[in-house]
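Before any comments, here is the structure.
The values are calculated or read from the model by the stated rules, or taken from the named source; none is laboratory data. Model, not experiment: these values are computed from the prediction. Ideal geometry is used to build each Cβ from the backbone, glycine not excepted, and the neighbour counts take in all protein chains shown. For accessibility, only protein heavy atoms count, side chains too; no ligands or nucleic acids. Shrake-Rupley method; radii C 1.70, N 1.55, O 1.52, S 1.80 Å.
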Amino acid sequence: MISNLVGSEWRTPDVERSLPVYNPATGEVIGQVPLSGTKDVDAAVQAAAAAYRTWSRTAVMERVRLMFRFKALLEDNVEDLAAIITRHHGKTLDESRGEVRRGIEVVDFACGAPTLLQGRTMRDVSAGVDQDLYRYPVGVCAGIPPFNFPVMIPLWMFPLAVVAGNTFVLKPSERTPLGAARLAEIFLEAGFPEGVLNIVHGAAEAVDALLVHPDVQAISFVGSAPVARHVYQTAAAHGKRVQALGGAKNHIVVMPDADPEITVPAILNSAFGNAGERCLAGSVAVAVGQAADGLLGPLAGAAAKMVVGPGDQAGVQVGPLIRADHRDRVAGYVDRGVAEGASLLVDGRGQMSRPGFFLGPTILDHVTPDMAVGREEIFGPVLSVARAHSLDEAIAQANRMSLGNMATIFTQSGRSARQFREQVEAGMTGINVPIAQPFAFFPFSGWKGSFYGDLHVHGTDGIEFYTRKKVVVTRW
Ligand code: NAD
């Protein structure tokens, strides 16, 4: 059974229910995750609240010194963390290494706290009166990540929170809990005091206990759209600040002037990287005008040749999906797409017969926004191809979606690129890139139903989220 971390103690909660953790490449059970309840959550929050009294007053240079040590230890453990990710998530080792690297970049950013946490000051705002703005931590913060980036997404959250003087309770995904557990070991090894980071394993019950706990001040959530809405509404109703990042239905617009040599590999990466289990995955490719003519043949040919298999085997490009039931749900979308009139260009369902939770790259053509595959998040290696007569029509198709996480365009025209940038309703927008992922020093979030809150994740938004401002007015 995987343990919670409460203060300095690794504690196996006394729970009636637990869930298996799988190696999705084999279907083998590799661990058991406890479904912690209200009492376990309360113990972790109390440990965080006790640590807050000292940690919030610890000098910023001391907090940063520990953060630098954490960063150095993470660098030493890239391979170890990548192997853990691949083992229980399934993505390829290269994808896992990339995930760890992107997570470490947030720790790099957190090491800039002495600059990032500065306030500002204005003397003589009125005769003999000065005003000064100071930043303070908010208290105990909680983080609730999804399954698909078990190391990177926790690192979006707790390093910035703790470097700002907060203490933290992390509730990892019950499907991929091992990455966070290893991060916590490394965090303690770096020398952070007990209670600064606590881990509670579990699912909805543990989340709901955090959302209503009177001693939790801020909630960072990343996951599916319906749960993001629930988290936002519940936590806000209990007086907490909330950032809740939800699901995606990302469109890739391909103009007739796009260079196929760039576009084809980019679409394969966008749609099938991480087995499509990425909130920045391209889900619908909209071919504008004649763009489909030169695109579909090479795209289908290359997708059919992608190597599917266990993520720790050399040469594998597409790993398994997270669970058998999720794989079956994704395959169900393919059946539904065909039933609703889409044509099947590449069928990856042949991979379902092997052990593990596999589904190969699949491409459906002539998809419309009325079809389930054209409007709902699938979260698997299924690319829908839609057609549009013009860029205006392609942008309108993307903007019809209730979700607005990412959108990207492939074109050689600055005019088309600019129109797309100005008009597409997506918080993360790409031009000739497969995955428009903001770096750690920029804010990360979608628009519309993909996000509830106002301050995005990481970048200076992260600092704003994890601090509260006090203005002092002085006359001597
Ligand atoms: P999920 O919503 O099922 O789970 C996310 C977290 O919420 C988990 O920790 C889980 O334990 C908890 N949870 C699940 N159901 C709950 C409920 N009913 N009440 C309270 N808590 C609950 O998401 P997932 O399947 O783990 O992750 C995939 C989803 O996350 C996709 O929709 C994907 O687009 C999204 N995602 C979004 C981003 C982004 O930046 N916007 C990034 C990664 C993933």
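If you roll a 1.4 Å probe over region 250-431 with all protein chains in place, what percent of the accessible area is carbon or sulfur?
49
Tell me, rounded to the nearest percent, the portion of alpha carbon pairs in region 169-236 spaced more than 21 Å apart.
30
Quick one: go through region 82-109 and flag any residue whose amide nitrogen is under 17 Å from the point 7 Å out along the Cα-to-Cβ line of Ala314.
Residues 92-95 fall inside that zone.
Average the reciprocal distances over every distinct pair of alpha-carbons in the chain, invert the result, and give the Kirkwood radius in Å.
After inverting the pairwise mean of 1/r, the radius is 23.1 Å.
At a 1.4 Å probe radius, which order do Arg63, Arg336 fall into by accessible area, largest first?
Arg336, Arg63
Take every Cα pair under 8 Å in region 216-375 that's 6+ residues apart, average their separations, divide by the length, and report that relative contact order as a whole percent.
Once divided by the residue count of region 216-375, the mean separation gives 16 percent.
Using Cα atoms only, what is the angle between the long axis of helix 152-163 and the major principal axis of the chain, expressed in degrees (0 to 90) to the nearest 10?
Rounded to the nearest ten degrees, it is 20.
Please list, ordered by chain and number, the residues whose modelled amide H lies under 5 Å from the amide H of Leu345; skip anything fewer than 5 residues away on the same chain.
HN-HN under 5 Å from Leu345: Ile363, Leu364, Asp365.
Could you work out how far the C-alpha centroid of region 431-457 sits from that of region 103-136, in angstrom?
Here the two parts' Cα centres lie 24 Å apart.
Restricting to Cα atoms and excluding each atom paired with itself, what does the Kirkwood estimate give for region 250-431 in Å?
It is 16.2 Å.
At q = 0.17, 0.19, 0.27 Å⁻¹, work out log10 I(q)/I(0) for region 335-406 with the Debye formula, treating every Cα as an identical point scatterer and leaving solvent out; two decimals please.
-0.68, -0.81, -1.27
Please list 3J(HN,Hα) in residue order for region 129-143, calculated via the Karplus relation 6.51 cos²θ - 1.76 cosθ + 1.60 where θ = phi - 60°; whole Hz, with x for glycine and proline.
10, 10, 10, 10, 9, 10, 9, 10, x, 9, x, 7, 10, 10, x
By a straight-distance test (C-alpha under 12 Å), which aspartates and glutamates pair with Lys171 as possible cross-link partners, with residues fewer than eight away in the same chain excluded?
Asp40, Glu205, Asp208
Before I look further, what does the chain give for accessible area per residue, probe 1.4 Å, in whole square angstrom?
39
Where a Cα-Cα gap under 27 Å defines reach, which lysines qualify for Lys470, not counting those fewer than 8 residues away within the same chain?
Candidates past the 8-residue exclusion: Lys240.
Using a simple charge model, +1 on the beta-carbon of Lys and Arg, -1 on the beta-carbon of Asp and Glu, nothing else, what dipole does region 250-431 show about its Cα centre, in debye to the nearest 20?
In debye, rounded to 20, region 250-431 gives about 280.
Ratio of region 163-317's C-alpha Rg to 2.2 N^0.38 Å, to two decimals?
1.41
Mind checking the dipole of the chain: about its Cα centre, +1 per Lys or Arg Cβ, -1 per Asp or Glu Cβ, Debye to the nearest 20?
In debye, rounded to 20, the chain gives about 960.
Could you sort Tyr333, Tyr134, Tyr52 by accessible area so the largest value comes first, with the probe set to 1.4 Å?
Tyr134, Tyr52, Tyr333
At 222 nm, what value in deg cm²/dmol follows for the chain if DSSP H runs of at least 4 each add -39500 (n - 2.57) and the sum is divided by all its residues, to the nearest 500?
That calculation yields -12500 deg cm²/dmol at 222 nm.
With each pseudo-label sitting 7 Å past Cα toward Cβ, what's the Thr26-Ile262 distance in nm, one decimal?
Computed distance between label sites Thr26 and Ile262 equals 4.3 nm.
Can you give me the P(r) profile for region 272-323? Cα pairs, bins 10 angstrom wide beginning at 0, each as a whole percent.
21, 43, 29, 7, 0
Run the numbers for Met122 and Arg400: contour at 0.36 nm per residue of separation, minus the present Cα-Cα distance, in nm.
95.4 nm
Please give the net charge around Pro443, taking every other residue with its beta carbon less than 12 angstrom from that of Pro443, where Lys and Arg add +1 and Asp and Glu add -1.
Here the charged neighbours net out to -3.
As a test question: what accessible area, to the nearest 10 Å², does Cys279 have when a 1.4 Å probe is rolled over all protein chains in place?
30
Calculate how steeply helix 414-423 sits against the longest principal axis of the alpha-carbon atoms of the chain, using the helix alpha-carbon long axis, and give the answer as 0 to 90 degrees to the nearest 10.
60
To the nearest 0.05, how large is the calculated FRET efficiency for Val472 and Ala59 if R₀ is 22 Å and r is the Cβ-Cβ distance?
Taking R0 as 22 Å, the efficiency between Val472 and Ala59 is 0.65.
Quote the accessible area belonging to His456 in square angstrom, nearest 10, computed with a 1.4 Å probe and with ligands, DNA and RNA left uncounted.
Rounded to the nearest 10, the figure is 40 Å².
Mean separation of Cα pairs under 8 Å and 6+ residues apart, divided by the residue count of the chain: what relative contact order is that in percent?
Reported as a whole number, the value is 18 percent.
Out of all DSSP beta bridges in region 250-431, what portion is antiparallel? Express it as a percent rounded to 5.
10
Roughly how much of Met255 is accessible, in Å² to the nearest 10, using a 1.4 Å probe?
20
Relative to the longest principal axis of the C-alpha atoms of the chain, give the angle of the C-alpha long axis of helix 93-110, reported between 0 and 90° and rounded to the nearest 10°.
30
Express in nm, to one decimal, how much length is gained between Phe68 and Glu393 on full extension, taking 0.36 nm for each residue of separation and deducting their alpha carbon distance.
The span from Phe68 to Glu393 would gain 112.1 nm if fully extended.
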